[in-house]
Amino acid sequence: MTPVSDKQATIICTDRGLTISGTRLTLYDVINFLKAEYSPKLIRNKFNLTDAQINAALSSIEANRAQIETEYQQVLQTRAEIRSYWENRNAIEPFDRIAMMPRKPGQEALWAKLEEQKARRVAQKQ
């Protein structure tokens, strides 16, 4: 079933990039699926788009292919940088990251007590 809409489908510029109006779907998302050899009909159905919306996206991509391809490559580069950042950030185990954080002032007695209990447990295991 294809959604019905009385609105004119347009491509708008948002902070996420060139977006199909009335959706959160960018032209770069459509390009991803086109490069993965999805047909326009499958893309339309996957994202519940109208014929007018998918046609507007495809027309805009075709009419501005060089500019959109340049922007698409920048989006891919940014995504790779973000992915790399989080992979590196998450490489440190969460407990190790917490252990490396500075202790809050005024909690020295609490930390001393915890260290004492930890030492007792280690001694008991031996």
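Readers should treat all values here as calculations from the given coordinates under stated rules, not as data from a laboratory. Everything numeric here is computed off the predicted structure, so don't read it as measured data. Positions of Cβ are generated from backbone atoms using ideal geometry, with glycine treated the same way; all protein chains shown enter the neighbour counts.
Dipole orientation for the chain: of the candidates LEU27, LEU49, LEU110, LEU110 has the Cα lying most toward the positive pole (charges on Cβ; Lys, Arg +1; Asp, Glu -1). With kT/(6 pi eta Rh) evaluated at 10 °C and eta = 1.306 mPa s, and Rh the Kirkwood radius from Cα pairs, the chain diffuses with a coefficient of 83 µm²/s according to Stokes-Einstein. Counting only lysines at least 8 places from LYS113 when in the same chain, those with an alpha carbon closer than 18 Å to its own are LYS104.
Rounding to the nearest 20 debye, state how big the charge dipole of the chain is about its Cα centre with +1 on each Lys and Arg Cβ and -1 on each Asp and Glu Cβ.
Numbers: 19 positive and 15 negative charges, 147 e Å.
Computed charge dipole of the chain: roughly 700 debye.
Please compute the volume of the convex hull spanned by the alpha-carbon atoms of the stretch 1-72 and report it per residue in Å³. Mind showing how you got there, number by number?
Working: hull volume 5.7 nm³, N = 72.
Per-residue hull volume (Cα only) is 79 Å³.
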